[in-house]
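Since the structure comes first, as structure tokens, the remarks are kept for the end.
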Amino acid sequence: MPFPFMHPTYLPSGNRLRQSRRWFGWFLLLLALGSLKAEDKRFKAEIYPLGMSDFELAVTIAKSIVTDEGKLVVDRENYRLIVYERIEKHDALREALKHANTPLYHVRIQVTLDDRQKSAETNLGFKPDAQSHPTGAPQAQMRIGGGLSMQNAGHLLETLTQQELVILSGGKGRLRIGKDIPYLDWFWNFGLQQGCWSGIMRWKEVGAQMAIEPHVTGKRVRLRITPEFSYVLDEKRLVTAMEKLNTEVIVNDGETIDLGGLPFSNQEFSSRFLFGLKKAGEQRSSRILLKLGIENVE
């Protein structure tokens, strides 16, 4: 009987297809590892989910135990180790990894969204000979003849929004950036090039969000941030993560970071995704600040 994920009813697309290929790749890897010393019953392959363990510490421990005859695969994306070794080495690794366990922590993230929209308006009208004295936003005024005037006024609207996320260390939360985003054609073509989807553009109600994954180590937080799209396609609400564009940053307890200053691999994508969004006659800029705090779980 064929593997379930090879049956026609299981053939997925987009993210699900990549996930199936990834799992199939790990299956082939384990199969290959298991055949390295198939004649030696002392060797076996095991997967070690790290859960709430300190990932870097666990990798260091594993490297000190796995020998040249064995094999260590570090799977950062799924927060686990894949080890092919002698049975006694597995016993030693299993015992040593107990020391990599860390207390449970919550990471409280205070989010401040500073959203500014600037629009330009041109007004033409008749004014009396008296000198006008505009108030409010700075304006450029030109007088023509006895009373015909034309003025360009810039209106600035600033909105300050605050929200709070509480995420368990090792878990995942999501920060919504925008409900309806512009540049849909550009983002769709970008996703086609990245292999995120295929076919003609049929998505709608496209929103932008960020997946946030904190991992506490001492008094610092390793923060992994991944851009995501939430959209409706064929009457289904879907979420696609742009895994190739994720970034990681180390943040001290109580420190505030600006998402605009993070080293995303594609700056054009991040500028359209987060900042400087433009519409007809309007320019919008958003600044997103994250303040992190570490809390013990009672």
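The values are calculated or read from the model by the stated rules, or taken from the named source; none is laboratory data. Since this is a predicted model, take the numbers as computed values, not measurements. Cβ placement follows ideal geometry from the backbone for every residue including glycine, while neighbour counts extend to all protein chains displayed. We work out accessible area using only protein heavy atoms, side chains counted, and drop any ligands, DNA or RNA first. Shrake-Rupley method; radii C 1.70, N 1.55, O 1.52, S 1.80 Å.
Just checking, does region 91-107 include any residue being modelled with pLDDT under 85, in a strand (DSSP E or B) and of a type in the set (V, I, T)?
Residues of region 91-107 that are modelled with pLDDT under 85, as a first pass: 98-104.
Imposing the further condition that a residue be in a strand (DSSP E or B) reduces the set to 101.
In the following step, the residues that additionally are of a type in the set (V, I, T) were identified as none.
Within region 91-107 (the criterion being modelled with pLDDT under 85, in a strand (DSSP E or B) and of a type in the set (V, I, T)), the answer is no, since none of the residues qualifies.
Looking at region 197-220, which of its residues are more than 30 Å from Q110 (Cβ to Cβ) and either open to solvent by less than 10 Å² (accessible area, probe 1.4 Å) or out of contact with any strand residue (DSSP E or B) (no Cβ under 9 Å at 6 or more places or on another chain) (or both)?
So in region 197-220, the residues more than 30 Å from Q110 (Cβ to Cβ) come out as 197-204.
Passing the criteria: S198, G199, I200, M201.
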Fill in the blank from the handout: A careful count of residues in region 259-298 that are at pLDDT 70 or above and exposed (fewer than 12 other Cβ atoms within 10 Å of the Cβ) gives 5
Problem - The one condition in (1) in a loop (DSSP other than H, G, I, E, B); (2) open to solvent by 50 Å² or more (accessible area, probe 1.4 Å); (3) modelled with pLDDT of 90 or more that I250 fails to fulfil - result: (1)
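I want to confirm something. Restricting to region 231-247 and keeping residues that are among the aliphatic types (A, V, I, L, M) and more than 20 Å from I288 (Cβ to Cβ), which single residue is modelled with the lowest pLDDT?
Out of the qualifying residues, it is L233.
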Handout entry: region 75-104, residues that are under 18 Å from E213 (Cα atoms) and either open to solvent by less than 20 Å² (accessible area, probe 1.4 Å) or not polar (S, T, N, Q) (or both)
Key = D75, R76, E77, Y79, R80, P103, L104
Problem - Considering residues of region 166-193 that are among the hydrophobic types (A, V, I, L, M, F, W, C) and open to solvent by 20 Å² or more (accessible area, probe 1.4 Å) only, the residue nearest to G218 (Cα to Cα) - result: L168
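Can you name the residue in region 97-111 that is touching a residue at least 60 places away in the same chain (Cβ under 8 Å) and among the aliphatic types (A, V, I, L, M) and is also nearest to V59 (Cα to Cα) among such residues?
Residues of region 97-111 touching a residue at least 60 places away in the same chain (Cβ under 8 Å): 102-111.
Cutting the leftovers down to among the aliphatic types (A, V, I, L, M) gives us 104, 107, 109, 111.
Values: L104: 20, V107: 23, I109: 28, V111: 32 Å.
In this case the residue turns out to be L104.
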Practice task
Tell me, please, whether a residue that is at pLDDT 90 or above, part of a strand (DSSP E or B) and either over 20 Å from L104 (Cα atoms) or of a type in the set (D, E, K, R) (or both) can be found in region 61-70.
Solution key: no
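Surrounded by 18 or more Cβ atoms within 10 Å (Cβ to Cβ), more than 30 Å from E158 (Cβ to Cβ) and touching a strand residue (DSSP E or B) at 6+ places or on another chain (Cβ under 9 Å): is that true of V107 in this structure? Give the steps one after another, and end with the answer.
Working: surrounded by 18 or more Cβ atoms within 10 Å (Cβ to Cβ): yes; more than 30 Å from E158 (Cβ to Cβ): no; touching a strand residue (DSSP E or B) at 6+ places or on another chain (Cβ under 9 Å): yes.
It is false that V107 is surrounded by 18 or more Cβ atoms within 10 Å (Cβ to Cβ), more than 30 Å from E158 (Cβ to Cβ) and touching a strand residue (DSSP E or B) at 6+ places or on another chain (Cβ under 9 Å).
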